[in-house]
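**Student:** Right, I'll just put the structure down here and ask away after.
The values are calculated or read from the model by the stated rules, or taken from the named source; none is laboratory data. Keep in mind the model is a prediction, meaning the values are calculated, not measured. FYI the Cβ positions are ideal-geometry reconstructions off the backbone, even for glycines, and counts take in every protein chain you see.
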Amino acid sequence: MIERPKSTSSSYIILSLLLSISCITATSPSQLRSVQYFLPYCSYLSVNLSSSNIATLRSLVQIRHYLQKRVRDLTDLIYNNEHPPTDPVVIHTFKTKRTIPELKADFDISTQNLTKIDDESEAVISQLRATHHLPHNATFSYVSHCLSSRLEPALYHGRPKVSFLLQYFKRPQMIDSFVTKLAGSMKKLGVAAELVVNVDNVEESQQWAELSYSTNGFVVPVLSNNVHEARAYNRIAGLARGQLLILLQDDMHPPEDDVWVQHLLQLFSKYPELGAVGMMAYRYCIPTHSNSYHNSLYFHDKELGIKAQFVAAADFAPLAVRKTVFEEVGGLDEGLSEEGVCGIFGDWDLVTRMWLSGWQVMYMDVDGLQVDSTSSGGTHKPETGDRCWLRQAKSAGTLFNSRFGSIHLDICEHVQQLNLKLLQVLNPAAPCPYTSCTLTAGA
């Protein structure tokens, strides 16, 4: 799979990399609408081009404009560093920490990529002209004028691909584990990432601010006041700049390696309708199955070599979601819980709305997740446990069941057919989790 740049230098910007952005930023039918063009001659596009054609052309236009700007800027930088000006203002204008060989290497690669973009743009436009999807005299300028009214934020230079979202509350012993492991694993994987943290106890704000500085912005702290899960995740999801959001909780150490994130990216790339992947607990079917955990899968993706399967429901956390899907379904329902109260049923509610919106949900087995053994989670302490698992569970559970009712049975049937149709049995000797593990005729 092609990943995001390992550096913010445009030396790593290549055509195939930038155009691969759509593997995470999936678009649903509800996101498409009839476009009204300011320029009358642009209406030809909406009539004759598919949404995928328009998206491809828009990406080509956006990337080409960026690379043209980059090449011009590098040209000026190289000239003014090879021929140092005497005017102090001009000296300051073109001051850079990069060496001339570094600038020239960047210029060469940017120029090569611009040539690739030019060739690709001309090939696509020529093909669309030949098939009468574009006017016979359409040029790049025509396409640019008509499609530059909207940009793809995921193509902005230097954007992270992955945003880790951490809900944090008074666990200083966990901070180093999260920052060190996540920053290290993403650097090794070569994927641009960020760690956006809802600091729910502001008395530790100074430590998080220092971490943001020492990690060059990898850590992005957001100061709140005990707003708890639903509001916290919604708040930091809105600030996150990545295409893939990975929700984390502060009472579980992330894995040491980068394999789990690599597997997530592979799953979201292979399954364009995949909205979420849980990694904590899951249910094959909400009304008829109990919670299942690590190493209990019946199916896997043999082609990818990943232990993962479709499930009706997945728990926090970790829980990975496409940002576009999270936003489309409305995020976590803040009406399920009051501020300062646990978000029980929020995860099931979220993934159920994804199923009903036409998206899919999976569970993926992850090695290396470890619960913090130094202290119990906030919802498992004697003084707070009953407030969550009795009062809040009853209140939120009633709303959840009223909202969805018997719909879960339809979801369960759909999940079963997806597993049987798209995945393979992990261990043939294991008991089938369903009444039948035979694919329904015509499914």
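**Student:** Which residue is modelled with the lowest pLDDT, if the candidates are limited to segment 252-266 and must be in contact with a strand residue (DSSP E or B) (Cβ under 6 Å, 6 or more places away or on another chain) and surrounded by 18 or more Cβ atoms within 10 Å (Cβ to Cβ)? Steps first, please.
**Tutor:** Step one: list which residues in segment 252-266 are in contact with a strand residue (DSSP E or B) (Cβ under 6 Å, 6 or more places away or on another chain), which gives 252-253, 263-264.
When the remaining residues are screened for being surrounded by 18 or more Cβ atoms within 10 Å (Cβ to Cβ), the result is 252, 263-264.
Details: Met252: 90, His263: 98, Leu264: 98.
Per the stated criteria, the residue is Met252.
**Student:** Which one is surrounded by the fewest Cβ atoms within 10 Å (Cβ to Cβ), of the residues in segment 420-432 that are of a type outside the set (S, T, N, Q) and in a loop (DSSP other than H, G, I, E, B)? Steps first, answer last, please.
**Tutor:** Within segment 420-432, the subset of a type outside the set (S, T, N, Q) is 420-423, 425-426, 428-432.
Still in the list and also in a loop (DSSP other than H, G, I, E, B): 423, 426, 428-432.
On the way: Leu423: 20, Leu426: 15, Pro428: 9, Ala429: 5, Ala430: 11, Pro431: 8, Cys432: 12.
Here the residue is Ala429.
**Student:** Mind checking which residues of segment 294-324 are among the aromatic types (Phe, Trp, Tyr) and farther than 17 Å from Phe345 by Cα? Break it down into steps so the answer makes sense when it comes.
**Tutor:** If we filter segment 294-324 for residues that are among the aromatic types (Phe, Trp, Tyr), which is where we start, we get 298-299, 310, 316.
Result: Tyr298, Phe299, Phe310.
**Student:** Where the second residue is modelled with pLDDT of 90 or more and of a type in the set (Lys, Arg) and the first is under 19 Å from Met364 (Cα atoms) and lies in segment 423-443, which pairs have Cβ atoms under 6 Å and are six or more apart or on separate chains?
**Tutor:** Listed pairs, sorted by first residue: Gln424/Lys302.
**Student:** Kindly check whether there is at least one residue in segment 361-377 that is in contact with a Lys or Arg (Cβ under 8 Å, 6 or more places away or on another chain) and either at pLDDT 90 or above or of a type in the set (A, V, I, L, M, F, W, C) (or both).
**Tutor:** Taking segment 361-377 first, the residues in contact with a Lys or Arg (Cβ under 8 Å, 6 or more places away or on another chain) are 364-365, 372, 375.
Imposing the further condition that a residue be either at pLDDT 90 or above or of a type in the set (A, V, I, L, M, F, W, C) (or both) reduces the set to 364-365.
Yes, some residue in segment 361-377 is in contact with a Lys or Arg (Cβ under 8 Å, 6 or more places away or on another chain) and either at pLDDT 90 or above or of a type in the set (A, V, I, L, M, F, W, C) (or both).
**Student:** Of the conditions (1) closer than 27 Å to Tyr44 by Cβ; (2) out of contact with any Leu (no Cβ under 9 Å at 6 or more places or on another chain), Asp87 fails just one. Which one is it?
**Tutor:** Condition (1) is where Asp87 drops out.
**Student:** To continue, here is another question. Only one residue in Ser141, Ser126, Ser110 is under 20 Å from Val61 (Cα atoms), part of a helix (DSSP H, G or I), in contact (Cβ under 8 Å) with a residue 12 or more places away in the chain and polar (S, T, N, Q), so which one is that?
**Tutor:** Values: Ser141 fails: in contact (Cβ under 8 Å) with a residue 12 or more places away in the chain; Ser126 fails: in contact (Cβ under 8 Å) with a residue 12 or more places away in the chain.
From the options Ser141, Ser126, Ser110, the qualifying one is Ser110.
**Student:** While we're looking at this one, here's another question. Take the residues of segment 144-183 that are free of Cβ contacts under 8 Å to residues at least 12 places away in the same chain and in the same structural domain as Gln249 (by TED's automatic domain parsing): which is nearest to Asp250 (Cα to Cα)?
**Tutor:** The selected residue is Asp176.
**Student:** For Leu332, are the conditions met, namely being surrounded by 21 or more Cβ atoms within 10 Å (Cβ to Cβ) and not in a helix (DSSP H, G or I)? Walk me through it before giving the result.
**Tutor:** Working: surrounded by 21 or more Cβ atoms within 10 Å (Cβ to Cβ): yes; not in a helix (DSSP H, G or I): yes.
Against the criterion (surrounded by 21 or more Cβ atoms within 10 Å (Cβ to Cβ) and not in a helix (DSSP H, G or I)), Leu332 qualifies.
**Student:** Kindly evaluate Ser205 against the criterion of being within 20 Å of Val259 (Cβ to Cβ) and in contact (Cβ under 8 Å) with a residue 12 or more places away in the chain. Steps first, answer last, please.
**Tutor:** Numbers: within 20 Å of Val259 (Cβ to Cβ): no; in contact (Cβ under 8 Å) with a residue 12 or more places away in the chain: yes.
No, not satisfied.
**Student:** Take residues that are farther than 21 Å from Gly346 by Cβ and modelled with pLDDT under 95 and tell me which of the helices (runs of 4 or more DSSP H) falling wholly in segment 162-239 contain 3 or more. Lay out the reasoning, then the answer.
**Tutor:** Numbers: elements: 172-189, 205-214, 228-239.
In segment 162-239, 172-189, 205-214 are the helices (runs of 4 or more DSSP H) which contain 3 or more residues that are farther than 21 Å from Gly346 by Cβ and modelled with pLDDT under 95.
**Student:** Now, a different point. Restricting attention to segment 399-419, report how many residues are assigned to a helix (DSSP H, G or I), without any contact (Cβ under 8 Å) to a residue 60 or more places away in the chain and either in contact with a His (Cβ under 6 Å, 6 or more places away or on another chain) or not hydroxyl-bearing (Ser, Thr, Tyr) (or both). Step through it out loud before you land on a result.
**Tutor:** We begin by selecting, within segment 399-419, every residue assigned to a helix (DSSP H, G or I); these are 399-404, 407-419.
Imposing the further condition that a residue be without any contact (Cβ under 8 Å) to a residue 60 or more places away in the chain reduces the set to 401-404, 407, 410, 413-414, 417.
Pick out the ones that are also either in contact with a His (Cβ under 6 Å, 6 or more places away or on another chain) or not hydroxyl-bearing (Ser, Thr, Tyr) (or both) and you get 401, 403-404, 407, 410, 413-414, 417.
Of the residues in segment 399-419, 8 are assigned to a helix (DSSP H, G or I), without any contact (Cβ under 8 Å) to a residue 60 or more places away in the chain and either in contact with a His (Cβ under 6 Å, 6 or more places away or on another chain) or not hydroxyl-bearing (Ser, Thr, Tyr) (or both).
**Student:** Considering only residues that are more than 15 Å from Gln360 (Cβ to Cβ) and crowded, with 18+ Cβ neighbours inside 10 Å, look in segment 286-303 and name the one that is modelled with the highest pLDDT. Explain how you work it out, then say what you get.
**Tutor:** Within segment 286-303, the subset more than 15 Å from Gln360 (Cβ to Cβ) is 286-298, 300, 302-303.
Checking the rest, the ones that are also crowded, with 18+ Cβ neighbours inside 10 Å come to 286, 297-298, 300.
Details: Ile286: 86, Leu297: 92, Tyr298: 94, His300: 97.
Looking at the filtered set, the residue picked out is His300.
**Student:** Within segment 165-176, is even one residue surrounded by fewer than 17 Cβ atoms within 10 Å (Cβ to Cβ), farther than 23 Å from Pro272 by Cα and of a type in the set (A, V, I, L, M)? If you could, list the steps in order and put the result at the bottom.
**Tutor:** Filtering segment 165-176 for residues surrounded by fewer than 17 Cβ atoms within 10 Å (Cβ to Cβ) gives 170, 172-173, 176.
After this cut, where a residue has to be farther than 23 Å from Pro272 by Cα as well, the list is 170, 172-173, 176.
Now narrow it down to the ones that are of a type in the set (A, V, I, L, M): none.
Within segment 165-176, none of the residues are surrounded by fewer than 17 Cβ atoms within 10 Å (Cβ to Cβ), farther than 23 Å from Pro272 by Cα and of a type in the set (A, V, I, L, M).
**Student:** Read through the list (1) within 30 Å of Ser205 (Cα to Cα); (2) out of contact with any helix residue (DSSP H, G or I) (no Cβ under 8 Å at 6 or more places or on another chain), then give the number of the only condition that Glu273 fails.
**Tutor:** All conditions are met except number (1).
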